[in-house]
1. Among the listed pairs K102/K314; K143/K258; K314/K429; K299/K502; K415/K538; K299/K415, which are separated by more than 22 Å between their Cα atoms?
2. Note down the accessible area of E164, probe 1.4 Å, to the nearest 10 Å².
3. May I ask you to rank T408, T170 by accessible area, largest first, using a 1.4 Å probe over the protein chains only?
4. Can you list the residues, at least 5 places off or on another chain, whose amide H is less than 5 Å from the amide H of T298, using H built in the peptide plane?
5. Tell me which residues come under 5 Å, amide H to amide H, from K432 once H is placed; ignore anything under 5 positions away on its chain.
6. Rounded to the nearest 10 Å², what accessible area does E513 show when all protein chains are kept and the probe is 1.4 Å?
7. Sequence gap at least 6, Cα distance under 8 Å: using those rules, report the relative contact order of the chain to the nearest whole percent.
8. Sum -39500 (n - 2.57) across every DSSP H segment of at least 4 residues in the chain, then divide by the residue count to get the 222 nm mean residue ellipticity, nearest 500.
Amino acid sequence: MGNWLVNHWFSATVFAAWLGINIFLFTYYFLFFDRDERYFYTRAILGSALAWARASAKCLNFNSMLILLPVCRNLLSFLRGSCSCCRRTLRKQLDHNLTFHKLVAYALALFTAVHTIAHLFNLERYNYSQQANDGSLPAVLSKMHLQDSNKWLNPIHSNQTTVEYVAFTTIPGLTGVIITLALILMVTSSTEFIRRNYFEVFWYTHHLFIIYFIGLVIHGVAGLVRGQTEESMKEVHPQRCAEFLVHKPKECRQECCKEPEFGSIPAESWKWVLAPIILYIFERILRIWRARQKVVVTKVVMHPAKVLELHMQKKGFRMEVGQYIFVNCPAVSLLEWHPFTLTSAPEEDFFSIHIRAAGDWTERIIDTFQQQKLEIPRIEVDGPFGTASEDVFLYEVAMLVGAGIGVTPFASILKSIWYRFQQNDQTLKTKKIYFYWLCRDTGAFAWFNDLLASLEQKMAESGKADFLTYRLFLTGWDTSIANNAALNFDTVTDTVTGLRQKTIFGRPRWDIEFSAVATAHPRSVVGVFLCGPEALAKVLQRSCHQHSSLDPRKVKFYFNKENF
């Protein structure tokens, strides 16, 4: 538990600050609109629904200001680079960008629901007050437009006007409906099931954020909700003059006989979101400019298990281990961009990715490259962008865990290590790497075997055979594979992979693995890196907490996960 607090204190601080600001904004503006005397007459018609609507609106503005920042990937990469000398705990927070993005999105959904429900009550009360003829204060206030069209407080001026009419014909009503629908579509299409199985739906609906921000900026322009002006407050303060509106003498000569004047609440949303929108526009301009630079595909390899390997070159392209790029293939789709981890090393004169068939777009791009053998399809690239795996060489000991195609960031790391051994790099801080690869079928091992075999040979020649310990786990197999492995268990090389290390049938027993690492490195800082499913992430994170010592002088495990 102590290590969990050490690893997550900053995340908890950020969350507490964000939550605290939301609570402060909601509480402050709720009390403001519930008690401020400028809105005495407005509350006479609307009641407490006014405060609920305005307080939730302030929180909507605040979270709308934040929602774009976690997806400004160039900004995050810049911060990661500028924080290279910062504490490990601070750098790790950048890897939670999508988690924070989702958290803010859920807050937007919550405050939108509160804001919408409150305004539905407001419209009903406006409509009820307009139709009332009982001489009450709300009824009198709702009829003030009959004497002077500029002196109105109730935006509904006719008994025939319905709530639906106001919702779909006024600027606040129509923009409110549009941005609510856009938000509903974005949130519902962001579920794990949709993103995994229908990525295109997620991709296209998420671009409704443009409509959301346009609607948000102009939502309050019409100023339907009004309050008493400062000048009018000085002349006819509601505390002493409100009763004269209901019981006004025929020949009234007092100061309170003058009717109050009202003004709209100024639109403020643009003030909150202007800076993030400008920042995001610059982000997109940079990405578009970078994506338009020519990419040359130098090599195409089709691996078993329907995995496509592409080698590419691009002028001025510089990368670090574990980074990723966004890829677009105009022959498949002009608009869709998909993230892929780089499998090449910084020391190579090209950059590469491996694409596994896991959806409509990936299947189409693989088919396109298979069919067009004479003319290679054009590829556009945006990036590279930083990830948690960039920090692997900051640890004395590293545990790399890849599930299926999730091995790709570690291909880059292991290749870089191979080159560093060749160059006899003495600056390498990492002294030991444990590599775990979990695959469902034997074909998935094929494209990675050559690299592992080269590493085995190079490290043996360098006298550092114990630098890398790797374990390959086959989580799906049939009887014939298992029988063949058992019959040939005494052979020098593995029957499944052809490597010296034997393939293990089943899943890792993480408690045993972590205990072994902790025993072997009792005073080391161990970085645990995962590129794989969320279920496995929870298991590894729990193991990191359980096997980290409370003693700061002893072993500590720090969990890192790839997030796109």
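The values are calculated or read from the model by the stated rules, or taken from the named source; none is laboratory data. All values reported here derive from a predicted model rather than from experimental measurement. As a convention, Cβ positions derive from the backbone with ideal geometry for all residues, glycine included, and neighbour counts pool all protein chains shown. Heads up: the accessible areas ignore ligands, DNA and RNA and are worked out on the full protein's heavy atoms, side chains in. Shrake-Rupley method; radii C 1.70, N 1.55, O 1.52, S 1.80 Å.
1. Values: K102/K314 33 Å; K143/K258 15 Å; K314/K429 30 Å; K299/K502 31 Å; K415/K538 28 Å; K299/K415 18 Å.
Those over the limit are K102/K314; K314/K429; K299/K502; K415/K538.
2. 120
3. Numbers: T408 10, T170 35 Å².
Putting T408, T170 in descending order of accessible area: T170, T408.
4. Amide H to amide H, under 5 Å and 5 or more residues apart or across chains, T298 pairs with H311, M312, Q313.
5. For K432, whose amide H was placed from the backbone, the distant partners under 5 Å are A398.
6. Using a 1.4 Å probe on the heavy atoms, I get roughly 30 Å².
7. With pairs under 8 Å counted, the relative contact order is 11 percent.
8. Details: 21 runs with 280 residues, N = 564.
My calculation for the chain gives -16000 deg cm²/dmol from helical runs alone.
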